[in-house]
1. Name the one entry in 84, 92 that is farther than 28 Å from residue 225 by Cβ, part of a helix (DSSP H, G or I) and either assigned by TED's automatic domain parsing to the domain that holds residue 204 or modelled with pLDDT under 80 (or both).
2. Could you look through the stretch 193-211, keep only residues that are in contact with a strand residue (DSSP E or B) (Cβ under 6 Å, 6 or more places away or on another chain) and surrounded by 16 or more Cβ atoms within 10 Å (Cβ to Cβ), and pick out the one that is nearest to residue 134 (Cα to Cα)?
3. From the list 57, 23, 69, exactly one residue is exposed (fewer than 13 other Cβ atoms within 10 Å of the Cβ) and without any contact (Cβ under 8 Å) to a residue 12 or more places away in the chain. Which is it?
4. Quick check on residue 110: is it more than 23 Å from residue 259 (Cβ to Cβ) and touching a helix residue (DSSP H, G or I) at 6+ places or on another chain (Cβ under 9 Å)?
5. Would you please name the residue that is farthest from residue 137 (Cα to Cα), looking only at residues in the stretch 176-187 that are crowded, with 17+ Cβ neighbours inside 10 Å and in contact with a strand residue (DSSP E or B) (Cβ under 7 Å, 6 or more places away or on another chain)?
6. With at pLDDT below 90, within 27 Å of the chain's Cα centre (by Cα) and in a helix (DSSP H, G or I) as the only criterion, which of 215, 203, 185 stands out?
7. Here is a list: 232, 247. Which entry is surrounded by fewer than 16 Cβ atoms within 10 Å (Cβ to Cβ), within 30 Å of residue 139 (Cα to Cα) and either more than 24 Å from the chain's Cα centre (by Cα) or in contact (Cβ under 8 Å) with a residue 60 or more places away in the chain (or both)?
């Protein structure tokens, strides 16, 4: 079989997502006739019909649905490969992915220890809800994650357990409680199971202003101040914090950071 080119996949995905040749062509910055011809050549090359076309609509065939899933994987893998290659060639620095409000104490202590160690490189922290994706696609060199996250394809090292706490405004009725349960939180209209994707300072500001109640790790308590209270949450097992990275991308700076993180975690456990 004559192997499709990357351009063919991009064209196909655009048409499949829009289900319309005209809108797909507009997105791609090209005229519709060349796009239609390119899709026709792709179908002939593969020996399958990818779209059912009528004068009014364009639908994916069963084969087209499969090829859409596979094309997405191929394009994502290619993008990740390019980013990891660029990552290996760029000036030495580290990008660390972390969830806002989780493992912040450990993160801060590890950063301080790393920067005071031998031959450190500049470090940038990326707060994101999908740390695994950031590492897999090359956006980040390593990530602080939970053992319950999807760690497939990543190398990991266990760091420490995080006791769950609810972060509430000091003036909130829940702030005076000795402890809470998930049932208490789920009946609280301000509670958000997924914290907004903002930096920790903004997140704590929103909690302090009475806009949010969120679940976090106990290590975040060192950043709270007097306007936010951390209330222990019963019935929720501790979350194990791990450091994860993509084994396919070598990095002496990352390996040194991993070594420092383990040492800091061991010291924290006493």
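1. The unique qualifying residue is 84.
2. Once the filter is applied, the top-ranked residue is 195.
3. Numbers: 57 fails: without any contact (Cβ under 8 Å) to a residue 12 or more places away in the chain; 23 fails: exposed (fewer than 13 other Cβ atoms within 10 Å of the Cβ).
After ruling out the rest, the residue left standing is 69.
4. On the way: more than 23 Å from residue 259 (Cβ to Cβ): no; touching a helix residue (DSSP H, G or I) at 6+ places or on another chain (Cβ under 9 Å): yes.
So residue 110 does not fit the description; no.
5. 180
6. Numbers: 215 fails: in a helix (DSSP H, G or I); 185 fails: at pLDDT below 90.
After applying the criteria, what remains is 203.
7. Sole residue among the options that is surrounded by fewer than 16 Cβ atoms within 10 Å (Cβ to Cβ), within 30 Å of residue 139 (Cα to Cα) and either more than 24 Å from the chain's Cα centre (by Cα) or in contact (Cβ under 8 Å) with a residue 60 or more places away in the chain (or both): 247.
The rows are residues; the columns are (1) closer than 30 Å to residue 83 by Cα; (2) part of a loop (DSSP other than H, G, I, E, B); (3) at pLDDT 90 or above; (4) assigned by TED's automatic domain parsing to the domain that holds residue 137.
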| residue | (1), (2), (3), (4) |
| --- | --- |
| 189 | no, yes, yes, no |
| 207 | no, no, yes, no |
| 211 | no, yes, yes, no |
| 221 | no, no, no, no |
| 253 | yes, no, no, yes |
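The values are calculated or read from the model by the stated rules, or taken from the named source; none is laboratory data. These figures come from a predicted structure and were not determined experimentally. All Cβ positions, even for glycine, are placed from backbone atoms using ideal geometry, and neighbour counts span all protein chains on display.
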